[in-house]
1. Lys/Arg Cβ at +1, Asp/Glu Cβ at -1, dipole of region 14-163 taken about the Cα centre: which of 95, 17, 53 is farthest positive-ward?
2. For the chain, with only Lys/Arg (+1) and Asp/Glu (-1) charged at the beta-carbon, what is the dipole magnitude about the Cα centre, in debye rounded to 20?
3. What residues have an amide H closer than 5 Å to that of residue 133, excluding those fewer than 5 places away on the same chain, when H is modeled at 1.01 Å from N in the peptide plane?
4. Sorted from fewest to most neighbouring beta carbons within 10 Å, what does the list 51, 203 look like?
5. Using Cα pairs under 8 angstrom and six or more residues apart, how large is the relative contact order of the chain, in percent?
6. Given points 7 Å out from each Cα along the Cα-Cβ axis, report the residue 184 to residue 54 separation in nanometres with one decimal.
7. Using 1/(1 + (r/R0)^6) with R0 = 22 angstrom and r between the beta carbons of residue 233 and residue 205, what's the FRET efficiency to the nearest 0.05?
8. Answer with one residue from 196, 181, 207: the one whose Cα lies farthest towards the positive end of the charge dipole of region 115-243, charges on Cβ with Lys, Arg +1 and Asp, Glu -1.
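Coordinate-derived values only; no laboratory data. These figures come from a predicted structure and were not determined experimentally. Positions of Cβ are generated from backbone atoms using ideal geometry, with glycine treated the same way; all protein chains shown enter the neighbour counts.
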Amino acid sequence: MSGRLDIVGLGPGREGLVTPEASAALAAAAAIYGYGPYLARVPWREGQARHPSDNRVELDRARAALEAAAQDRVAMVSGGDPGVFAMAAAVCEAVEQGPQAWRGIEIVVHPGITAMLALAARLGAPLGHDFCAISLSDNLKPWPLVEKRLAAAAGAGFAMALYNPISRARPWQLGRAFGALRAVLPAATPVIFGRAVMRAEEHIEITTLGAADPARADMATCVIIGTAETRVIARPALPPLVYTPRSMPA
Ligand code: SAH
């Protein structure tokens, strides 16, 4: 049997933003694994098994897919890009810890458009100069490390994309993150809340660090923090353009 696992990025949520190679890998799979809402985005195919799971059991899901991939061709889906706070790392971790036989499984990662790039594309170019991505989830790392990274990145002048800003189980983290950033960055620094970007329910708000209200974010929101150089250009009949200039004065 083929023994192959395709780890597929579905992009932010619009069908046209899935790469043709990713779609072909999904069509060729005997079974598909993934978090339920992501699986629901994959067109139904006769004879293809589906194994939806909860979003907090990533390592178990990775192991189940590898188990199946030892004898068959299976796919695993992630929203956005599978390498950005998602399943590709969970699969690598499971391979590292798992039986020797799993090291013989062909693993192909299909990149997708990650949330921060989808949101940046909506605005202009807020990540047009040096930037970084930070997950605010403290499920897999201690909170003090998150604050340390936020302060260091802001102090170094990086624009930032914040993933996993808030959830029912993590209600205070985004407020604390804004606090840590306000200690380093000017209050006028642009902040963008991008909810369900490039989906039907998309909602984007442009504000400042001084005025940013954590309650404006939910689990489906990516937050971009600009730099002291980031510009917001008002346009009379169109949404503002937000960009971070490509050059910095010496
Ligand atoms: N692999 C995904 C990220 C998974 S972490 C990717 O590359 O996009 C989950 C977080 O991603 C969410 O909490 C949110 O911060 C962000 N996210 C995913 N899809 C999004 C979308 N369409 N719009 C805004 N944020 C999104």
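1. The Cα lying farthest towards the positive end belongs to 17.
2. Details: 24 positive and 22 negative charges, 100 e Å.
Magnitude of the dipole: close to 480 debye.
3. When sequence neighbours closer than 5 places are left aside, the close amide H contacts are 161.
4. Taking fewest neighbouring Cβ atoms as first place, the list is 203, 51.
5. 19 percent
6. 3.5 nm
7. So the FRET efficiency works out to roughly 0.85.
8. 181
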